[in-house]
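Peer 1: Okay, here's the structure, questions in a sec.
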Amino acid sequence: MTGQLILKPGREKSVLQQHPWIFSGAIQSVIGNPGIGETLEVISSKNEWLASAAFSPSSQIRARIWSWMENENIDVDFFYRKISDAVRMRKELNLYKTSDAVRIVHGESDNLPGLVADQYEDVIVIQALSAGIEKWKSEIADILKTTTGAAAVYERSDVEVRKLEGLEEKCGLLTGTLPANEITINEGGLRFLVDITRGQKTGFYLDQRDNRLLAGMHARGKRILNCFCYTGGFTVHTLAGGADHVLSIDSSGEALGIARRNLDLNDLPVNRADWLEADVFQAMRTLRDKTTMFDMIILDPPKFAPTAAHAAKAARAYKDINLLAFKMLKPGGLLFTFSCSGGIDQNLFQKIIAGAALDAGVHARVVQWMNQAADHPVSLNFPEGHYLKGLVCEVNPAK
Ligand code: SAH
């Protein structure tokens, strides 16, 4: 250990409850001269040993806990144990029957705060989102490669949040040989192109796997609007499920280019799909003004509220698009609506959707609640890990 972090009196509670974050306001003093990402001992005001943690000197989350066991060293073996356990858990989930693209490590909920690792066939793409992970990155890459048998581990740490940790954005190969920049994955029997080096985040939104399969099951004979379609995940699943027509909207021309190719890859009829490169907020208004109606609308926007501080503004944005969607659904139509905002919890999201239905003058019932897929587990001591929530609402005219 290179230093000690002494907590203020009474601030040990969250550590004892095994919450992995220590905020700057809870800290009395830092003893020693620890460098960025180095391991510290966390000590209570009564001088009790509480945990070992990685130091993030420039972040409000000043330390992230690795272990609550005093005799557990933070070394290569530690990371080997944690990653092996994460890999084992994914195998036991039996996801590989329906997909060869799986989230192998989901940060805090896999006891590796700040590490995201997604496996696309035999390539693993990681994001190092904390100083502690950055420090152990090359060891972690080697362990990921050996525990999964992957051909390569590629880094996509080109994300804004790295700034909060005092880290630069970084991309590139960490170990092995990249078979290609574009990988073809399988999800529920359908194929998708994932651009490892240029796609959004790690390349594909694996958290929506179950919900795409669900939407596919509801699609037969329907006219569908898919907003924020990215590379056409919901588009491909709903067309394969027998949709009559899907109009898909995204602001990224690059994503739409791949989406079109995903349609071909699955031999789906191109005449049943239309694509619109546009801002969803504007495009939905234009559609509403033309009184275009749909049997099913999917709304999967990006994170409007990264933290609770952004909740009010984000709530307005969610309400706006959901209100428009309610107005454009035929009687008996289905709304698949999502929020991946950490700053908006399940309750608040449902209240926002209720407000939108009321203002749109429709009667809506939740027929199913949706969540992130099982390879994105949530530690009970880290409820923040539950970020993706969704509702399937059936919509009818108000009585
Ligand atoms: N549903 C997708 C994932 C959506 S991610 C899937 O299953 O794969 C969110 C998408 O919203 C991204 O593709 C991003 O390019 C797009 N986006 C963000 N802001 C937008 C806006 N204002 N209008 C249209 N698209 C937007």
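Peer 1: Tell me, please, whether a residue that is among the hydrophobic types (A, V, I, L, M, F, W, C), assigned to a helix (DSSP H, G or I) and touching a residue at least 24 places away in the same chain (Cβ under 8 Å) can be found in the stretch 91-100.
Peer 2: yes
Peer 1: Which residue is nearest to residue 266 (Cα to Cα), if the candidates are limited to the stretch 198-237 and must be β-branched (Val, Ile, Thr) and away from the ligand (no atom under 11 Å from the Cβ)?
Peer 2: 224
Peer 1: Select the strands (runs of 3 or more DSSP E) contained entirely in the stretch 285-399, then report the ones holding at least 1 residues which are loosely packed, with under 15 Cβ neighbours inside 10 Å and small (Gly, Ala, Ser).
Peer 2: Working: elements: 294-299, 329-339, 362-371, 389-397.
In the stretch 285-399, 329-339 are the strands (runs of 3 or more DSSP E) which contain 1 or more residues that are loosely packed, with under 15 Cβ neighbours inside 10 Å and small (Gly, Ala, Ser).
Peer 1: Now for a separate question. Would you check which residues across the stretch 238-256 are away from the ligand (no atom under 12 Å from the Cβ), surrounded by fewer than 24 Cβ atoms within 10 Å (Cβ to Cβ) and part of a helix (DSSP H, G or I) and list them?
Peer 2: If the condition is that a residue be away from the ligand (no atom under 12 Å from the Cβ), surrounded by fewer than 24 Cβ atoms within 10 Å (Cβ to Cβ) and part of a helix (DSSP H, G or I), then 240 is the only one that fits.
Peer 1: Now, a different point. Can you run down the residue pairs with Cβ atoms below 7 Å, 6 or more apart or on separate chains, where the first is in the stretch 308-319 and touching a residue at least 12 places away in the same chain (Cβ under 8 Å) and assigned by TED's automatic domain parsing to the domain that holds residue 353 and the partner is part of a helix (DSSP H, G or I) and not hydrophobic (A, V, I, L, M, F, W, C)?
Peer 2: 319/355
The values are calculated or read from the model by the stated rules, or taken from the named source; none is laboratory data. The model shown is predicted, which means the values in this text are computed figures rather than measured ones. All Cβ positions, even for glycine, are placed from backbone atoms using ideal geometry, and neighbour counts span all protein chains on display.
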